[in-house]
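See structure below.
The values are calculated or read from the model by the stated rules, or taken from the named source; none is laboratory data. From a predicted model like this one, the values you see are computed outputs, not experimental measurements. Cβ placement follows ideal geometry from the backbone for every residue including glycine, while neighbour counts extend to all protein chains displayed.
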Amino acid sequence: MNKDKIIKVGSIYQKYFSNICVESKSKEDLLRIENAKDAINSGLKNFVAYSANITEITPNKLQLRWGELGLVRVWEEENDFFWCKNKRKATFSIGTGIEVNYFDDPIFGQLTQYIVVVYADVTARRKGIPCIWYKYNTNIIWNDFHAEYDINKSGNISHVVWTHPNEEKFTKSIYRVNDIYVYYDIRDEYCDIQWKDIITNATTRGIWDKWINVDWHN
């Protein structure tokens, strides 16, 4: 690092203001940046860096849980056919998925990035040979979807109402995403979610006249 607080990593120049890192392929771009606010508003790639022992950090340890981060609720309906190869099933799932990425910072060491996704899906399954469940293409009908939840993004709690038009499609699965939140293993950043209402109904051609009917309230 030189007197301008700029370092070069490969072909990329980086400049730090406390835990804010801004980077560019041009050193001249960084010379014009004088503080963290300039870095954030510069239009250049920037991120928050922080020194942490990631071996002791998990989403649960970042904040006391009050919700269902990482959990998935599932409802299923199956036909009554006896023979294995004729069995069909529809599954409705709703919850949060967590993707964890690791990358190295030249000053602060290894950082951990968490990506939380709020999602719902309806999937068609059948049994085959061997007699286990497989996803397969069929007609999926998904109606009257309405979900409500509270999401806590680093202390900022908001109530979300999530609806979607009725949908019919020939496919293995219909997948919907409503919320994506990205945070790092720094300071007090965290995420959690509480489901309040889940209402929907869905079916597939394979389960005939049966429907998944969900009317859940917390």
Worksheet, complete the sentence: When segment 185-217 is checked residue by residue, the ones that are of a type in the set (F, W, Y) and either outside the structural domain of N101 (by TED's automatic domain parsing) or surrounded by fewer than 20 Cβ atoms within 10 Å (Cβ to Cβ) (or both) are W208, W211, W216
Fill in: Residues being part of a strand (DSSP E or B), surrounded by fewer than 17 Cβ atoms within 10 Å (Cβ to Cβ), modelled with pLDDT of 95 or more and out of contact with any helix residue (DSSP H, G or I) (no Cβ under 7 Å at 6 or more places or on another chain) - total across segment 136-160
3
Worksheet item: On the given criteria, is N178 out of contact with any helix residue (DSSP H, G or I) (no Cβ under 8 Å at 6 or more places or on another chain) and without any contact (Cβ under 8 Å) to a residue 60 or more places away in the chain?
Response: no
Discussion item. Looking only at segment 120-135, filter to residues that are in contact with a helix residue (DSSP H, G or I) (Cβ under 8 Å, 6 or more places away or on another chain) and part of a loop (DSSP other than H, G, I, E, B); which one of those is nearest to N86 (Cα to Cα)?
Written reply: G128
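Based on what the data block shows, is I174 assigned to a strand (DSSP E or B) and under 15 Å from T123 (Cβ atoms)?
yes
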Discussion item. Within segment 104-121, does at least one residue satisfy the condition of being at positive phi and either among the basic types (K, R) or in contact with a strand residue (DSSP E or B) (Cβ under 8 Å, 6 or more places away or on another chain) (or both)?
Written reply: no
Practice prompt. Give the number of residues within segment 81-99 that are at pLDDT 80 or above and under 21 Å from I132 (Cβ atoms).
Written response: 12
Worksheet item: Restricting to segment 161-184, what's the tally of residues that are buried (at least 16 other Cβ atoms within 10 Å of the Cβ) and in contact with a His (Cβ under 9 Å, 6 or more places away or on another chain)?
Response: 4
Worksheet item: Applying the selection to segment 114-125, what residues are under 21 Å from V74 (Cβ atoms) and crowded, with 21+ Cβ neighbours inside 10 Å?
Response: V116, V118, A120, V122, T123, A124, R125
